[in-house]
Amino acid sequence: MREFSLQFKIWHWLNVLAVSGLLGTFFLRKTFLSYKDNMLIIMEKLQGFSIEISAEQAKIVAKAIRAPMWEWHILFGYLFAALLLWRIVMILKDGFGFEENPNTHMKWIYRSYKVIYLIFIFMAISGLVLSFYKDLGIAKESAHFIKENHELLAWVIVWFVPLHITGVLKANASDQKGLISKILS
């Protein structure tokens, strides 16, 4: 079974923190802090006080409420991008770290990790572009297109995380006993 270097373990757990923060803020933005839902609530509640505001004004307030949370998303994104760069350096120096395994199942898993790394690279680059699109001279319409694809691929990561955890638990319970303790210790 594969041994994990201290560098990989540190990278892995910092990456867990970054991805958890990114997904947490992503879900908050899509649910409880959705400006579309909250602007309607704001308008309705203010109407109860006989205060009328436009949908545009309510939208501004709703976006202002979620702005501090979204700043956290951006900070986690910077951490994620830095960690991805660190991981690429580790891969270039030491290889992917996957042992050669003739097992077809394991080859499929290793290939899927390579695909997820490509998605991670896209997410990091597109996130940075979205963060700095004005400074980069990118048109708002182009930034919107990038944002749509960034959000679409975020759902791949949403699916990947529980599949990864399930796979690790399954491997730990079967042919790779001790896998979890090796990444934790």
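In the stretch 26-47, the residues that are without any contact (Cβ under 8 Å) to a residue 24 or more places away in the chain and under 23 Å from E151 (Cα atoms) reach residues that are among the small types (G, A, S) and surrounded by fewer than 16 Cβ atoms within 10 Å (Cβ to Cβ) with C-beta atoms within less than 9 angstrom, at least six apart or across chains, in these pairs: M39/A55.
Of the candidates S181, S142, the single residue that is surrounded by 12 or more Cβ atoms within 10 Å (Cβ to Cβ), free of Cβ contacts under 8 Å to residues at least 24 places away in the same chain and polar (S, T, N, Q) is S142. Would you say F32 is within 29 Å of W155 (Cα to Cα), in contact with a Lys or Arg (Cβ under 8 Å, 6 or more places away or on another chain) and outside any helix (DSSP H, G or I)? Judged against the criteria, F32 is not a match. Checked across the stretch 97-112, the condition of being under 23 Å from L22 (Cα atoms) and either at pLDDT 80 or above or within 20 Å of the chain's Cα centre (by Cα) (or both) holds for at least one residue. Residues to consider are H164, H150; find the one that is surrounded by 15 or more Cβ atoms within 10 Å (Cβ to Cβ), under 19 Å from the mean Cα position of the chain (by Cα) and within 17 Å of T25 (Cβ to Cβ). Exactly one residue qualifies, and that residue is H150.
Considered as a group, the residues in the stretch 13-64 that are under 30 Å from F120 (Cβ atoms) and β-branched (V, I, T) include one that is nearest to the chain's Cα centre (by Cα), and that residue is V19.
What do you reckon, is F122 modelled with pLDDT of 95 or more and surrounded by 14 or more Cβ atoms within 10 Å (Cβ to Cβ)? Yes; evaluated as a whole, the condition is true for this residue. Just one residue in the set S50, S54 is on the phi > 0 side of the Ramachandran plot and among the hydroxyl-bearing types (S, T, Y); that residue is S50. For the stretch 159-171, the condition holds for no residue, the condition being that it is modelled with pLDDT of 95 or more and basic (K, R).
The values are calculated or read from the model by the stated rules, or taken from the named source; none is laboratory data. Keep in mind that this is a model prediction, so the values were computed, not measured. Heads up, the Cβs are rebuilt from the backbone with ideal geometry, glycines too, and the neighbour counts pull from every protein chain shown.
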